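Laboratory data are not the source of any read-out in this text; all were calculated from the coordinates shown. As the structure is a computational prediction, the values presented were derived from the model and not from experiment. Cβ atoms come from the backbone with ideal geometry, glycine included; neighbour counts cover every protein chain shown.
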Amino acid sequence: MSSKLFVSAQEVAERAGVSRSAVSRTFTPGASVSADTRRRVLEAAEALGYHVNHLARGLMRNESGIVCLIVSDVATPYRSALLRELTLQLQNAGKVAMLINTDRSDGSVDRALRQAIRYRADASVILSGLPDKSITQLCLRNGQRLVLINRDDDQPGPLKINLDDYESGGRIATAFVRAGCRTLAFANSEAGTPSLMGRERGFIAAAARLGIEVIVERYGWTGYEAGKVLAQRMLTRTERPDAVFCATDLLACGFMDAARHQFGISVPDQLCIAGFDDIEQASWSSYDLTTFAQPVSMIASHAVEWLSKAENADGEDHSVRLTAELIWRGSIRGG
């Protein structure tokens, strides 16, 4: 025996002995309805298991309330933290998040996004610099409002949220020199995203102003194993660095473990290390990593607030630049 999945507003009206419009007014914030009518409608709705079809109601206003979250590296600690904060704040704003994973390089990403557009998603948030710029163009062509996080797309219309990655690189170079370090290195992945490259360029530029040439190595995916490989490359050099800025905390954790366990190097006595993101593992006593904290809650707040304001859909350029806080721990001497 099959059970009915949906109860209509008309069924609620008939049970409550009121009109269909009275049911609609009862579930519309601010609408005029008498206390007795409201009570009867709510009792009938509770008895029948009625729920308002917000999707249908929104489509009548040309809105679905659906926001696509287009993201790569879903499993990494930083990306998971940003996804958690965005979904919570979107839900609190009465919106529904739809996740599109862009880790695969085939046509599945494009197909998933087109499917979301067919569901009448109102907006998309692109959470990283990795997905191709054609995704941004597809969203805009289909009338979506768009938030770009840590990207360098130059299309007008979206809200662009970026961090002071270049300045952060400069700050950590200065910190290394003040700790007595003179052979500086930057450990990066091959992803080449705007945020990663901004940190690299800022670090190199600041070191050059101090008269120091930076050793740069890039390898693979931005993760723990790549950090270990980068350590093997750098720490076997004739001129071994005494300070390394890793583009992310995951790279830094892998680098630090390889330095200690494969090369017997003491951190920070023989080697100072810094990362970026302030993931949970960075605060663990085994790493005690000096790093930059991404303002995850503030990023999400800016995105959701902007998406909730109709007046921002004006095709103009909107941008926000946020500061990453330097978190001092024990992986730099004097930190």
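Observations on the model:
- The chain: Lys pairs at Cα distance under 24 angstrom, eight or more positions apart or on different chains: 4
- Cα centroid separation, the stretch 236-306 to the stretch 119-190 (Å): 19
- The chain: relative contact order as a whole-number percent, Cα under 8 Å and 6+ apart: 14
- Sparse packing (at most 12 other Cβ atoms within 10 Å of the Cβ) combined with a DSSP loop state is found for the following GluC sites (Glu not before Pro) in the stretch 210-318: GLU213, GLU239, GLU316.
- Over the stretch 9-52, relative contact order from alpha-carbon pairs under 8 Å, at least 6 apart, %: 42
- Size of electric dipole in the stretch 9-52: Cβ of Lys, Arg +1 and of Asp, Glu -1, about Cα centre, debye, nearest 20: 140
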